[in-house]
Amino acid sequence: MVKLTANDGSTSTLVVEAKRSLVTRDLPATLAQINDYIEGGGLKDTDRPAVPLVVARYLAAPLQAWLSERGVAFADATGNLRITLDRPALFLRDVGATKDPWRGPGRPKGNLIGEPAAKVVRALVDYTPPYTVPQLVQLAGASTGPTYRVVEFLAEQALIERPERGPIEQVNWRELLVRWSLDYGFLRTNQVTTYLALRGLPALIKRLAGMPRRGDLRYVVTGSLAAQQWAPYAQPRAAMLYCDNPELLAKEIDLRPVDTGANVLLARSTYDVVYGRMSSVDGVDVVVPSQAAVDLLTGPGRNPAEGEALLDWMEANLSDWRR
């Protein structure tokens, strides 16, 4: 326990639980342990109840967010720190390392960067569990090794629930998409070029619907235009499309390349998974909701708010999109 005393005599107590290492799935038990200490020590029913403080060698950003949302103070050995007290009035905040400097070889990588991770995340979100990891490998179309590494990382982050060596029983798919958006983004992961559709987006949709089906013109619509069919938010201001050949597609549907004032964003996709499980709506190819959601969460302007609205729709209509 750490007792802080101000010049006016007011005091506050921090009850510290120190761990060598922590992952998200450990946090509920850790907090419960601290609360047991607080109750057992008579530190709960006072004018100023004791404040929990979690200390570890390294606390990743998702752990910091989890603790902050619950009013739990934290500190790690790299300098990440947040302690808030009402009386005596105290606010301490500092930022340390953003990567674990002690993560050794052979450990699952602490991010969802790369095409294997994209394939696994999309499969976990798009398909309802339970399924084994080998079954997930087939659903995702990913290699076995990377799939196991992603699964282990997501289990550590409490984004999936899986007993030891057992099948994946639950996927916290909304939190998983938000977590994926930290490492994947429509603009930052792909090569994006900007264009102007002179006659507006309705005319663009008509051009896409009437375009010949050819392998070299493969495309799929994402972002606001895709979300309109599920969760209309506002009149779309810009079109976001994935395609294999932006220059050829732009010529086919009469787009003009511009540096400013663009209303069409064409992305040469880094990962082929963006085309996975796409559908055709009135002759226009459209991504699945999970892909549209992450693209909106990482898009410009009001796109993140549209992404949250789409996630709300997905929660309320699971049977309409999840396989």
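The values are calculated or read from the model by the stated rules, or taken from the named source; none is laboratory data. In this text the structure is predicted, and so the values were computed from the model without any measurement. Cβ sites come from the backbone with ideal geometry, for glycine too, and all protein chains shown count toward neighbours.
Within segment 255-284, if we keep just the residues that are at pLDDT 95 or above, under 19 Å from TYR195 (Cα atoms) and not aliphatic (A, V, I, L, M), the residue that is surrounded by the most Cβ atoms within 10 Å (Cβ to Cβ) turns out to be ASN263. Residues of segment 12-32 that are loosely packed, with under 12 Cβ neighbours inside 10 Å and either charged (D, E, K, R) or in contact (Cβ under 8 Å) with a residue 24 or more places away in the chain (or both): ALA18, ARG20. Has segment 206-227 got at least one residue that is assigned to a helix (DSSP H, G or I), among the small types (Gly, Ala, Ser) and more than 23 Å from MET314 (Cα to Cα)? Yes, segment 206-227 contains at least one residue that is assigned to a helix (DSSP H, G or I), among the small types (Gly, Ala, Ser) and more than 23 Å from MET314 (Cα to Cα). Looking across segment 33-54 at every residue that is among the acidic types (Asp, Glu) and modelled with pLDDT of 85 or more, the one that is surrounded by the fewest Cβ atoms within 10 Å (Cβ to Cβ) is identified as ASP36.
In summary, ILE113 fulfils each of the numbered conditions (1) at pLDDT 95 or above; (2) β-branched (Val, Ile, Thr); (3) in a loop (DSSP other than H, G, I, E, B) with the single exception of condition (1).
Restricting the first member to segment 266-282 and to residues that are closer than 19 Å to ARG322 by Cβ, and the second to residues that are surrounded by fewer than 18 Cβ atoms within 10 Å (Cβ to Cβ), the beta-carbon pairs closer than 8 Å and six or more apart or on different chains are VAL273/GLU115; VAL273/GLY141; TYR275/ARG218; GLY276/GLY141; ARG277/ARG323; VAL281/GLN229.
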